[in-house]
Amino acid sequence: MEAVRATAAWVASHSSHVTLDSAGIEKVAERMKDSIPKVEWDFEGIHYFDDGPLTVQYLFVLDALNFCFWPDKEMTYDHLAAGLKEALQTDKSAFDADRLQKYTGPELRKLLKWPRPLPLEEERVRLMHEVGFELERSFDGKASKLVESCEKSAAKLVALITSHFPGFRDHTVYKGHQIFLYKRAQIFAADLWGAFKGQGYGQFNDIESVTMFADYIVPAVLQQLGVLKFSPSLADMIESNREISPGSEEEVELRACSVHAVEEIRELIHRKSGKQVLSVELDLWLWAFGVQCSSLQHHRTLSIYY
């Protein structure tokens, strides 16, 4: 994922609305250098896990749909993860490739036991169809075959996903440069690593290559921790709950600067303590911190890449 690191660094060095604060980075690194907070992957018990291929199928469907909850004040990632878990426990064939290609919006709602249309529901259904079609065409219908073909490389897995599944191609153009973020493709690799505890389907010899996952929670946490500073105009947009367009300078800077900030924190912890910290571990801690913080105010962007 060097393209993600390199292009995020480029955005951070040319950013107009988001800046990294070296004092904030120093403070967070100092706080974490002696005791990196460990967050278990399934710390809330909301995910399906059977230690086999069905778990891989579940995680791939989950991460295909893992975006944009905020338009519905009651909808959260937990609802999605737990709803898909219950659906699979009820019907082990619920995520078979042929069935994924046939779901409608109302059927997805029924699957999740959700009483009203989901945020970006048509996009979610489209992505289920895309996942089912391409799994059936190229990987015998099984996400486990996709994972097996990456030869224990998280970087190869992300490359495979983004080449085969357009809905995972999380990149954009910023000030004339192509920027790669690949949030959901990297989350899938990290979910496998966390769920299988680095073994079996979760064994990656290069898990350190995965960056943090550029969403809307972590930028808000980094701002609250003093790591990121926002321009007055961007701060006003966030505080007034005004929607920030996908692909806009503000939106790209929020996400890319978050990736670069976490890399800076990780490297500083290593220099201070000699410990190798994974960006995945830092992301898990920051995200868990964010979802437990009721006062956190995040930016609002309608996009399948969140």
| Remind me, relative contact order of region 16-124 in percent, using alpha carbon pairs under 8 angstrom and six or more residues apart? | 24 percent
| Residue-normalised accessible area of the chain, expressed per residue, 1.4 Å probe, Å² | 42 Å²
| Candidate values (i) 35.0, 118; (ii) 18.7, 53; (iii) 21.3, 70, label of the one derived for Rg and Dmax of the Cα atoms in Å | (ii)
| message | From the phi angles alone, apply the Karplus equation (6.51, -1.76, 1.60; θ = phi - 60°) to region 142-147 and give each ³J(HN,Hα) in whole Hz, x where the residue is Gly or Pro. | response | 10, 5, 5, 5, 4, 5
| field | Accessible surface of region 1-147 [probe 1.4 Å, protein heavy atoms]: carbon and sulfur percent | value | 51 percent
| remark: Rounded to the nearest 10 degrees, the helix 279-291 long axis (Cα) sits at an angle to the longest Cα principal axis of the chain of 90 degrees
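Does region 101-221 come out rounded, prolate or oblate, given a ≥ b ≥ c as the square roots of the eigenvalues of its C-alpha gyration tensor, rounded meaning a/c under 1.5 and, failing that, prolate meaning a/b above b/c?
On the way: a/c = 1.56, a/b = 1.19, b/c = 1.30.
It comes out oblate by the Cα gyration axes.
Ranked highest first by the average count of other Cβ atoms within 10 Å around their residues, in what order do 58-68, 246-256, 101-111 fall?
On the way: 58-68: 24.5, 246-256: 22.6, 101-111: 14.7.
Packing proxy ranking, top to bottom: 58-68, 246-256, 101-111.
Restricting to Cα pairs below 8 Å that are 6+ residues apart, what does the relative contact order work out to for the chain? Please round to a whole percent. Numbers along the way, then the final one.
Values: 490 pairs, mean separation 89.3, N = 306.
About 29 percent, as a whole number.
Calculate how many DSSP beta bridges within the chain are antiparallel, expressed in % of all such bridges and rounded to the nearest 5. Walk me through the numbers before you get to the answer.
Working: 7 of 8 bridges.
That works out to approximately 90 percent antiparallel.
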| How far is helix 2-14 tilted, in degrees, relative to the longest principal axis of the Cα atoms in the chain, given as a value from 0 to 90 rounded to the nearest 10? | 40 degrees
| task | Taking amide H positions as placed in the peptide plane 1.01 Å from N, state which residues far from Y174 in sequence (5 or more) or on other chains have amide H under 5 Å from it. | result | I179
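Ignoring everything except DSSP H segments at least 4 long, calculate the 222 nm mean residue ellipticity for the chain; use -39,500 (n - 2.57) per segment, divide by total residues, nearest 500. Each step should come with its number before you reach the end.
Values: 14 runs with 164 residues, N = 306.
The per-residue figure over the chain is -16500 deg cm²/dmol.
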| query | How far apart, in nm, are the 7 Å Cα→Cβ label points at K156 and F49? | reply | 2.6 nm
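Tally up the carbon and sulfur contribution to the accessible surface of region 168-248 as a whole percent, 1.4 Å probe, everything protein left in place. Walk me through the numbers before you get to the answer.
Numbers: 1540 of 3090 Å².
Percent of accessible area from carbon and sulfur atoms in region 168-248: 50.
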| request: Apply the Karplus parameterisation 6.51 cos²θ - 1.76 cosθ + 1.60, with θ equal to phi minus 60°, to every residue of region 73-87 and state each ³J(HN,Hα) to the nearest whole Hz, in sequence, with x for glycine and proline. | output: 4, 9, 7, 9, 4, 4, 4, 5, 4, 6, x, 5, 4, 5, 4
| Nearest 10 degrees, 0 to 90: what angle lies between the long axis of helix 121-138 and the longest principal axis of the chain (Cα atoms)? | 70 degrees
| request: Give a residue-ordered list of calculated ³J(HN,Hα) values for region 189-195 (Karplus: 6.51 cos²θ - 1.76 cosθ + 1.60, θ = phi - 60°; whole Hz; x for Gly, Pro). | output: 4, 5, 5, 4, 4, x, 5
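The values are calculated or read from the model by the stated rules, or taken from the named source; none is laboratory data. Remember, predicted model here, so these are calculated numbers, not experimental data. Note: ideal-geometry Cβ built from the backbone for every residue, glycine included; neighbour counts use all protein chains shown. Surface accessibility is based on the protein's heavy atoms, side chains included, excluding ligands, DNA and RNA. Shrake-Rupley method; radii C 1.70, N 1.55, O 1.52, S 1.80 Å.
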